[in-house]
Amino acid sequence: MKNKSLSKDLYSIVAFAISGAICAGLIFLLYDKHQNTLGFEENLKKLTSIYIGISGFLAAILMVFLAASAMNHKSYKAKIIHKISKTTQKMHNFRTIAEIIFNSNIWLPGLKDYMEKDYANLSYFDVKEFYKGKSKLAIEFLQETHHFGETENLYLELKSLLMTDPKEKQIPETIDYPIFYSNNIIEKWVEHKSGSGLWYVFGYKYGNYKESLNLDSIFERHREKILTLANTIDNDVFENSSFNDFFFSKLWEYLTKDVLPKLSQFQSHLDRKTPRLIYYLYIVFLLLMVFGVLLPLTYLMLSFSVLAIIVSYSIVISTIFYVAITFHIFLSKEVNR
């Protein structure tokens with residue numbers, strides 16, 4: 001794929017160089033014709049009206065196309081914003097659930113003090129990226145003999161869902177629920193599958209963690225709130241759910257398989273740049289307007305030097321040549337995107 005892209009880029013560069021050579025050659029030939037042929041300027045003036053009409057017509061078509069493309073792009077963005085807003089709200093609900101559990105008494109006594117005292121500056125992402133050697137604390141944590149039933153990792157994983165920036169180490173007193181989550185935190189959540197550890201524990205290993213994760217310690221009002229939030233996230237999936245390990249397994253599986261991937265996908269669409277084809281056509285439109293319409297009109301009205309109309313003809317002809325031999329390259333790139 002890279003070789004194909006490189007060959008297309010090289011083709012465009014060569015085509016541009018040839019077009020430039022054609023432009024320079026036309027300027028030289030037309031000016032030489034003007035110097036050596038009697039009445040040549042009058043012939044150019046007669047053709048200029050037709051030339052302006054053709055250039056203006058082509059520029060008008062491009063202007064309509066560019067305007068339509070801009071409106072389509074705006075409409076597309078609006079649809080993506082609507083979708084990402086719905087998914088963002090689901091993520092808000094998941095983070096509210098995570099906050100309730102994180103601050104509950106589900107953990108073994110002493111775990112919170114241990115983690116917030118000895119590993120206050122350690123994040124889940126640091127632990128997952130220990131191999132990069134950026135965090136000595138992460139390596140120390142992994143080498144430590146843990147005494148809380150291996151729930152330390154789950155504590156950090158749940159904590160990661162309450163962050164809005166991967167560089168954060170401490171959770172603020174008031175959890176932030178932004179309008180849109182930043183790309184940085186979404187990428188980290190997706191890369192390290194935040195929530196998958198919780199899904200695995202509640203779905204497959206809960207028997208081994210029963211003594212370390214006390215679901216019964218969560219207050220009744222908090223249980224009702226968690227179930228309500230789950231139904232708000234997806235009523236079809238969580239309708240009639242009971243507050244148990246099976247429910248939590250489904251909950252974190254839904255986060256890992258559905259919400260986070262969609263959040264990442266919609267965010268990438270939202271951040272997508274304007275297609276290169278639009279820039280390409282806009283430059284063509286600009287050249288047609290300046291050298292195909294405005295400069296010839298100015299030449300006719302103000303009686304500029306004949307060199308102005310010669311340059312105008314040469315640039316437009318070389319531009320049309322360039323478009324003719326490269327348009328399919330830009331079109332195929334846009335289709336492949």
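Here, each number is a calculation from the coordinates, and none is a lab measurement. All of these numbers come straight from a predicted model, not from anything done at the bench. A quick note on method: Cβ atoms are made from the backbone with ideal geometry, for glycine too, and the neighbour counts reach across all protein chains shown.
Of note:
- The angle between the Cα long axis of helix 245-254 and the main principal axis of the chain comes to about 10°, on a 0 to 90 degree scale.
- In summary, the convex hull built on the alpha carbon positions of region 49-102 has an orientation-averaged projected area of 4.3 nm².
- Förster-model FRET efficiency, 30 Å R0, ASP234 and ASN103, C-beta, rounded to 0.05: 0.80
- In degrees, nearest ten, helix 306-336 long axis to first principal axis of the chain (Cα): 30 degrees
- Loop-resident chymotrypsin sites (Phe, Trp or Tyr not before Pro) (DSSP state other than H, G, I, E or B) in region 176-230 with no more than 12 further Cβ atoms inside 10 Å of their Cβ: PHE219.
- In region 237-293, the inverse of the mean reciprocal separation of distinct Cα atoms equals 15.6 Å; this is its Kirkwood hydrodynamic radius.
- By the helix-only formula, in which each DSSP H run with n ≥ 4 contributes -39500 (n - 2.57) and the sum is divided by residues, the chain has a 222 nm mean residue ellipticity of -23500 deg cm²/dmol.
- The Kirkwood radius of region 273-337, taken over pairs of alpha-carbon atoms, gives through the Stokes-Einstein law at 20 °C and 1.002 mPa s a diffusion coefficient of 164 µm² s⁻¹.
- Mean separation of Cα contacts under 8 Å, 6 or more apart, over the residue count of the chain: relative contact order %: 30 percent
- Relative contact order of region 284-324, pairs being alpha-carbon contacts under 8 Å that are 6 or more residues apart, as %: 46 percent
- The convex hull drawn around the Cα atoms of region 89-270, when projected onto a plane and averaged over every direction, covers 10.5 nm².
- Span from the region 107-158 Cα centroid across to the region 255-278 one, whole angstrom: 31 Å
- P(r) of region 1-125 over all Cα-Cα pairs, binned every 5 Å from zero, in whole percent: 2, 7, 5, 7, 8, 9, 9, 7, 6, 6, 6, 5, 5, 4, 4, 3, 3, 2, 1, 1, 0
- Extension gain, SER69 back to ALA120 (0.36 nm per residue minus Cα-Cα distance, nm): 13.3 nm
- Of the GluC sites (Glu not before Pro) in region 97-199, the ones in a loop by DSSP (not H, G, I, E or B) with at most 16 other beta carbons within 10 Å are GLU144, GLU150, GLU168, GLU173.
- Dipole of the chain [Lys/Arg +1, Asp/Glu -1 at C-beta], most positive-end residue of HIS147, TYR177, TYR322: TYR322
- Cα centroid separation, region 292-329 to region 49-94 (Å): 29 Å
- Angle of helix 260-270 to the longest C-alpha principal axis of the chain, folded into 0 to 90 degrees and rounded to 10: 20°.
- Simple label model, 7 Å out from Cα along Cβ direction - LYS79 to ARG272, nm: 1.0 nm
- Paramagnetic reach from LYS225 (point 7 Å along Cα→Cβ, amide N under 17 Å) across region 174-209: 174-177
- Checking every one of the trypsin sites (Lys or Arg not before Pro) in region 204-260 against DSSP loop status and a limit of 15 other Cβ atoms within 10 Å picks out LYS205, LYS210.
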